[in-house]
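Each reported figure results from applying straightforward, stated rules to the coordinates on display, with no laboratory input. Values in this document were obtained by computation on a predicted structure and should not be read as measured data. Positions of Cβ are generated from backbone atoms using ideal geometry, with glycine treated the same way; all protein chains shown enter the neighbour counts.
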Amino acid sequence: MPLISPSLLSADFAHLAKDLDMINRSEADWLHLDVMDGVFVPNISFGFPVLEAVAKHCQKPLDVHLMIVDPGKFTPQVKALGAHIMNVHYEACPHLHRTIQQIHHAGMQAGVTLNPHTPVHVLEDIIQDIDMVLLMTVNPGFGGQQFIEHSIQKVKKLKELIQRTGSHTLIQVDGGVNADTAPRLVQAGVDVLVAGSYVFGAEQPEERIKQLKQIQKN
C-alpha cells in the first residue's frame, strides 16, 4: 500500500483548521506542504507564519516541498516546524550534495524533486544519499493540472536506478493523482502519492484518502 500525503495547496484556506482536523482523522500518512516563491515557479502559496500555524495543529508528519530558489538557506526554519522531510528541487540547487548534507545534519530526511523535463539519470551519483525522490507529474506551480502520461515511464526508470544502485530511496509523485492514475503509478513503483484537488475537492475527502491507501501492487 502506498503512503498518502494530501497537498494542503488544494485545501480551503478560509477553513484550514477544519481541513486539518479532517487530515488528522483520516488514514493519511503525511501532510504535503508546497512552498512557492513566485520566482522558481509562477505562483506564490504560503510562507512560514502559515506553516507554523499548520504545524501546531497537524498531527501527521510534515512533508515540506520547497518550490523556491536557494532552498537550503531555509533548512533551520523547516527544522523548527518539526518537519519529517524537506524536499528541494534539483533545478534550484547548484550544490545539491551540500544541501542534502545540511538537511540530514538538521535531523530531517532529504527529498529531491525533479521537474517534468529533468531526466532521472542526473541523480545517479547522489541517489544513495537521498531518502526520497519526488517526480513532478505536472508542471509545478498550480494545482489541478492534467497528468503528464510520460511520467509512468519516468517512474519505471527511477525504480530501475534505485534497484541498480542498491539504494533505499522512496519514490513520490505529485500532480494529477486520481482514481485512474494512482493505480498505474503504484504498479510502476511509486511509494508515496501526493493528492491535492482529488482529495480536498471531494465531498468525502477521508474516503478518497482511504481509497488511495488501499491500492495494491499486483
Which of these, D70, D174, D29, has the largest mean-square fluctuation under a Gaussian network model of the chain (Cα springs below 10 Å)? D70
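Using the per-residue mean of other Cβ atoms lying within 10 Å as a proxy for protection, in what order, highest first, do the peptides 88-95, 59-66 fall? Walk me through the numbers before you get to the answer.
Working: 88-95: 18.2, 59-66: 21.8.
Highest to lowest by the protection proxy: 59-66, 88-95.
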The chain - mean residue ellipticity at 222 nm from DSSP helices (-39,500 (n - 2.57) per run, n ≥ 4, rounded to 500): -9500 deg cm²/dmol
Can you work out ³J(HN,Hα) from phi for every residue in segment 192-205, in order, using Karplus 6.51 cos²θ - 1.76 cosθ + 1.60 and θ = phi - 60°, giving whole Hz and x for Gly and Pro? 10, 9, 8, 10, x, 4, 5, 8, 6, x, 8, 5, 10, x
For segment 3-213, the Cα-Cα pair-distance distribution in 5 Å bins from 0, as whole percents, is 1, 7, 17, 21, 22, 17, 10, 4, 0, 0
If the cut-off is 27 Å between C-alpha atoms, which lysines fall inside it for K79, apart from same-chain ones fewer than 8 positions away? K18, K56, K60
Taking only C-alpha pairs under 8 Å that are 6+ residues apart, what is the relative contact order of the chain in percent? 24
In order over segment 78-88: 3J(HN,Hα) from phi, Karplus 6.51/-1.76/1.60, θ = phi - 60°, whole Hz, x for each Gly or Pro, gives 5, 4, 5, 6, x, 4, 7, 9, 10, 10, 10
Between segment 201-218 and segment 1-37, the Cα center-to-center distance that results, in Å: 14
